[in-house]
Amino acid sequence: MEQTRRPRRLRRDGVRGLVSETSLAASDLIAPVFVDATTDERVPIESMPGHERVPLSEAVARVEEVLATGVEAVMVFGIPESKDARGSRAWASDGVVQEAVRQISAETDAYVITDVCLCEYTEHGHCGVLEEGARSGEGLTVKNDETLELLARTAVSHAEAGADMVAPSAMTDGQVGAIREALDDAGYANLPVMAYAVKYESAFYGPFRDAADGAPSFGDRRHYQMDPANRREAMTEAGLDVEEGADVLMVKPALPYLDVVADVRREFDVPVAAYNVSGEYAMLHAADEKGWLNVEEAAYESLLSIKRAGADLILTYFAEDLADRL
Ligand code: PBG
């Protein structure tokens, strides 16, 4: 049979690597770490095999484990010793994230990013201060503009502790602008902001909410996080964050939203991050435990797909496990 085009010619060993369109490197990955002020010892996170909440005294050791795999950046999440209505431990200079970041930046070379949100710090578990919704029967919702000030304060406190980058994740309108302005005023004009720009109200955050103890005590986050049905709206969210000064745009979750990752990549010229979230991690581990697939292979393929869709960097709980083979 005569055939001019035979794609299989380039699928043989030796040439496959030469024509490969996408590559994954340890330097693309950011490893989330959980520092817990309520414990003296490491506590395994059941729904995220291989991950733990570590006490403050282990924060540096935890980050050194990450660095030993070749991954150079971490995202720090904190579980505070106490919670209140406004989440005041989020911006305390002796708060769990601030203490951890101070130690990590003094003692390691890790690039330290912090998640800026209030849900782990409020007793109701929502991402800001609450008010009665405008429509009767709507119940409580997050008060937007009052929350902005608290997020800005939190971001500045992270910068003061030594964070290299801050990542606001509350989906409060105007959060990037408010944080940018506060950082500039405090003398941190060179500190970049990675916006959780396009963050959906997703069932894939379940294991994280156990890990960080940040589940809402009532209701859900649909009044502030995005509706999974919406794709065009993602461009609005990303565009606003660019106008407000975002240096990196994040899409979250990753795998169920690769169309959105590709859209953001096409429309904007800032780096694009994708967050391969806790549920994406947990489901592969669960299937592997049942013997239904190989977690490492499936994880590698997942991250490669996220990059192929257009992400430059990936936040992932698989960072350490995969860094080895990259
Ligand atoms: C805080 C925050 C969440 C995640 C990252 N930052 C939880 C949420 O919004 O409910 C989820 C991360 C994951 O599932 O891995 N707002």
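The values are calculated or read from the model by the stated rules, or taken from the named source; none is laboratory data. Not measured: the values here are computed from a predicted model. Positions of Cβ are backbone-derived with ideal geometry, glycine not excepted, and every protein chain shown enters the neighbour counts. These accessible areas exclude ligands, DNA and RNA; they are computed on the full protein's heavy atoms, side chains included. Shrake-Rupley method; radii C 1.70, N 1.55, O 1.52, S 1.80 Å.
Structure notes:
- When the test is whether a residue is modelled with pLDDT of 95 or more, among the small types (Gly, Ala, Ser) and surrounded by 18 or more Cβ atoms within 10 Å (Cβ to Cβ), ALA110 passes it.
- Filtering the stretch 86-106 to residues that are over 20 Å from LEU191 (Cβ atoms) and open to solvent by 50 Å² or more (accessible area, probe 1.4 Å) leaves ARG86, ARG89, ASP94.
- Selection of the stretch 124-168 for residues being assigned to a loop (DSSP other than H, G, I, E, B), open to solvent by 70 Å² or more (accessible area, probe 1.4 Å) and not charged (D, E, K, R) yields ALA134, SER136, GLY137.
- Test for ALA234: is it open to solvent by less than 20 Å² (accessible area, probe 1.4 Å), part of a helix (DSSP H, G or I) and under 30 Å from GLY87 (Cα atoms): yes
- In the stretch 259-297, the residues that are open to solvent by less than 50 Å² (accessible area, probe 1.4 Å), within 24 Å of ARG325 (Cα to Cα) and either away from the ligand (no atom under 16 Å from the Cβ) or free of Cβ contacts under 8 Å to residues at least 60 places away in the same chain (or both): VAL272, ALA274, ASN276, LEU284, ALA287, VAL295
- Answer residue from the stretch 93-123, given it is part of a strand (DSSP E or B) and within 12 Å of the ligand (Cβ to nearest atom) and is farthest from the chain's Cα centre (by Cα) among those: THR122
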